[in-house]
Structures are given as structure tokens and as C-alpha cells.
1. To the nearest 20 Debye, how big is the dipole of region 239-339 about its Cα centre, given +1 on the beta carbon of each Lys and Arg and -1 on that of each Asp and Glu?
2. What number of lysine-lysine pairs in region 245-330 show an alpha-carbon separation below 24 angstrom, given a sequence spacing of 8 or more or placement on distinct chains?
3. For the pair Ser250 and Ser168, how long in nm is the line joining their label points, each one 7 Å along Cα→Cβ?
4. Give the calculated FRET efficiency between Leu204 and Asp108 to the nearest 0.05, with a Förster radius of 25 Å applied to their Cβ-Cβ distance.
5. At 0.36 nm per residue, minus the direct Cα-Cα distance, what do Gln222 and Gln120 gain on full extension? Give it in nm, one decimal, please.
6. Please compute the modelled spin-label separation between Thr258 and Lys297, points set 7 Å along Cα→Cβ, answer in nm with one decimal.
7. Over region 88-169, what portion of Cα pair distances is larger than 16 Å, expressed as a whole percent?
8. So for the pair Met343, Phe366, with labels modelled 7 Å out along Cα→Cβ, what separation do we get in nm?
Amino acid sequence: MGKRPSKTIKKLFIILFPLFLFFCLCGCQGLSGKSPNQRSVAQLMALDLAQDDSQGSPAVLLTLRVLDAEGSPEGPETFQTVQAQGKSITDALGDISRQLGKDIFLRDVRVILFGESLCQNGIDNCQKFLSQSYQIRPRVSIAAAEGEAARLFQDDDNGEAPIDSITSLLEWDNRPGNSAVTVMELERIRSSSEGDCILPFISLGDEKKAEISGSAVFTGGQLKIKLDNTDTKNLRFLSADPRQTVLTVSLPDNCSATFRLTGRKGRIYGGNQDGAPLFRLKYHFEFQLLEFTGNTKIPSLENMEKALEQSVNDAISHSIQKVVFDGDADIMGLASAMRRDSMIWWNQFGSGWKTFMDVNSQDSLFQKSVFILDTSCKIAQSDIRVPISGN
């Protein structure tokens with residue numbers, strides 16, 4: 001029998017073999033075989049609907065904000081905006097790569113915007129590319145834009161573009177209720193049985209600054225209805241993460257109180273009544289009292305909780321009207337509730353769920369659907385001193 005290798009040889013093998021594999025796979029310039037000067041790093045992306053002049057078929061207009069490699073290495077980073085259109089995102093990327101003479105690196109993209117016309121035409125094909133591209137990170141933020149998304153890339157008189165402030169707008173605390181705003185979340189919803197989702201809606205304000213003006217509700221991958229900030233705020237009571245929800249309630253004697261939603265328990269229960277869907281929204285909400293204004297003493301907790309409950313019910317009812325009946329969209333988990341709690345009904349009607357949700361369809365069962373609100377509100381104890389104005 002031959003001699004066993006010594007411990008020193010084993011240690012050298014353990015250290016050197018991974019290095020050998022690394023250099024074999026990566027070479028000296030990384031996995032892509034390209035040096036940094038041979039790649040353009042994109043940080044922001046916009047997708048709009050363009051018209052293909054050759055065939056008259058819809059095409060994609062791709063706009064990228066890329067790091068300017070010609071900038072001074074000692075100065076601040078500078079960016080340039082490049083644009084191309086093609087039958088697909090891949091074709092447009094190839095055109096931009098040829099314009100710059102470099103490969104496009106998408107791993108650093110932080111925000112992707114869908115233009116309004118593209119949303120109306122459908123985002124499914126774009127979403128498939130984003131979810132399947134190995135370069136796009138799954139937690140990239142996604143939003144819809146009013147008009148053309150590309151116009152948010154245009155610099156103002158100060159040399160600043162509205163797109164530069166969008167990243168901070170889409171941070172977690174600014175997300176609209178029940179939003180899908182990452183590639184990963186949007187792909188999960190798109191592949192589900194319902195496939196309806198809601199995205200933040202970006203527009204230009206009076207000073208040409210980017211702002212979240214509401215949210216966009218999608219049904220079957222197409223923009224169905226736009227909600228303003230009030231409607232979006234109302235949706236937060238039914239969202240998966242109701243943080244940062246602030247509600248001002250009117251009280252007797254020209255008084256008002258402002259509350260922050262701190263917790264929520266409960267869910268939607270599904271059933272049926274005479275063959276039509278029946279939904280019971282059973283929720284318990286907890287609030288923190290932030291401020292009271294008025295000319296009298298603070299009312300009793302019981303009276304304020306009753307006023308809170310009425311305001312919450314009004315907000316939820318308004319959301320149901322706007323999203324379900326006006327938008328024919330299921331972003332509240334109605335199908336999941338029916339599938340879970342009313343299996344016999346679901347086995348009979350579940351395959352036609354989308355048709356039944358369309359209130360304009362002759363086969364719609366939602367014209368007779370019933371929503372029962374079973375909510376309760378509690379003002380949680382707080383150590384914060386409540387400021388009181390008035391006598």
C-alpha cells in the first residue's frame with residue numbers, strides 16, 4: 001500500500017484547489033470576462049410602450065440611467081440616460097449595448113418603472129423577463145408611472161431628474177396598502193390563481209418632483225383602475241402590513257383626534273348565500289392616540305373607539321366598492337377565502353372566478369355578493385402625553 005498524503009499536503013490542497021477553481025471560472029476580470037471599463041452599470045430602468053414602425057405591432061421602449069464611465073474618478077458619480085426600442089426588452093438591451101459599445105450590467109438596478117400605456121396594454125411579458133433574468137435582483141422595487149415613464153429621466157433646469165428621488169419614495173414605510181412592489185412579489189402574485197396586484201403610482205407634482213400620487217390596480221396583468229391617495233390609504237386597513245397608517249376622526253362638539261394603527265388581527269371568511277359569495281371581514285384593530293384638538297375635554301375611550309370603528313368601516317366599505325366592484329380586482333384575498341372556507345362552492349364555481357368577479361358580465365355573481373363587516377377597535381395604552389388645544 002502507498003503512503004497516505006501528509007497533513008501538510010492536505011492543507012495545501014484545501015487552500016489551493018478553491019483558488020484554482022476560482023481563476024478557472026472567473027479569470028482575472030470576473031465571471032463575465034469583462035473589465036469594469038467594458039461594462040455599463042445601470043441603476044434605474046423605465047419600460048414604455050412604443051410602436052414598431054416596421055410591422056405596426058407593439059414594441060418596448062427601454063430607458064436606462066447608467067453610470068457615466070467618462071466621469072472623473074475623484075469627483076461625484078455622474079450618470080447618463082440612454083434609450084432604445086425593440087420587439088422585446090432583450091432586443092432593446094442589445095441596441096443600447098451597441099450604442100455604448102459595452103455590455104449592460106443590470107445587477108445594480110434599484111427601481112423599475114412601467115409607463116401607463118404599457119400597463120394598459122399588459123405587463124406580463126415584461127414581468128416574465130424580469131423574473132427570469134439572472135441579472136435582475138428579486139427585490140428590485142417596481143412602480144407604475146403616469147404617462148411615459150421615460151419623462152421622469154429628463155433633467156430639469158438644475159440638472160436633476162425626478163427619477164433620482166424615486167428610490168427613497170419606494171422605501172417600505174411609503175408603500176401603499178397591500179402592494180406588490182418587488183420583482184419577487186410581483187412574480188408570486190402573477191403566477192397565482194388570481195394574479196391581481198397593486199403597484200405604487202408615480203407622477204410629477206407641481207414643481208416637477210416625483211411623488212406617489214396613489215396606486216394602480218392590475219387585473220390579469222393589465223391596468224384596471226387608478227386609486228388616489230385617499231383610496232390607497234383606506235386599503236391599508238386590509239393590507240398585509242398596516243404600518244404607518246394614520247387616521248383622523250371627527251368627534252362631537254367640533255373635536256377631532258388623530259390615531260396611528262399599531263396592530264391588527266383577523267382575516268376574511270368566505271361563504272355563500274343563495275349561490276352568491278358571502279364574505280365576513282372579521283378584524284380587531286388597535287390604535288395609539290396621537291393628538292386631540294377641540295374646545296372640550298377628551299371624550300371617554302368608549303366614545304372614541306365607537307367613532308374609530310365607524311371611520312374604519314367607512315374606509316373598508318369604500319375600498320371594497322372601488323377595488324372589487326369598480327375595478328373587478330381581487331387584491332384582498334377573496335378567492336383564497338372562498339377556496340379555504342367554502343370548498344363545495346369553490347369546486348362548482350372556482351374555475352370561473354374571473355368571470356364572476358366582472359360585475360358587468362351576465363354571469364357575474366358579485367352583483368349579489370354580500371360583505372359583512374365585523375370589526376372592533378381599541379385604543380391601546382400609551383405613555384405619550386396627548387397635546388390638547390383649546391380651553
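Nothing in this text is a laboratory measurement; each read-out follows from the coordinates by a stated rule. Keep in mind the model is a prediction, meaning the values are calculated, not measured. A quick note on method: Cβ atoms are made from the backbone with ideal geometry, for glycine too, and the neighbour counts reach across all protein chains shown.
1. 340 debye
2. Number of lysine pairs found: 6.
3. 3.6 nm
4. 0.50
5. Stretched fully, the Gln222-Gln120 segment lengthens by 36.2 nm.
6. Output for this residue pair reads 2.5 nm.
7. Tail of P(r) above 16 Å: 61 percent of Cα pairs.
8. Output for this residue pair reads 2.6 nm.
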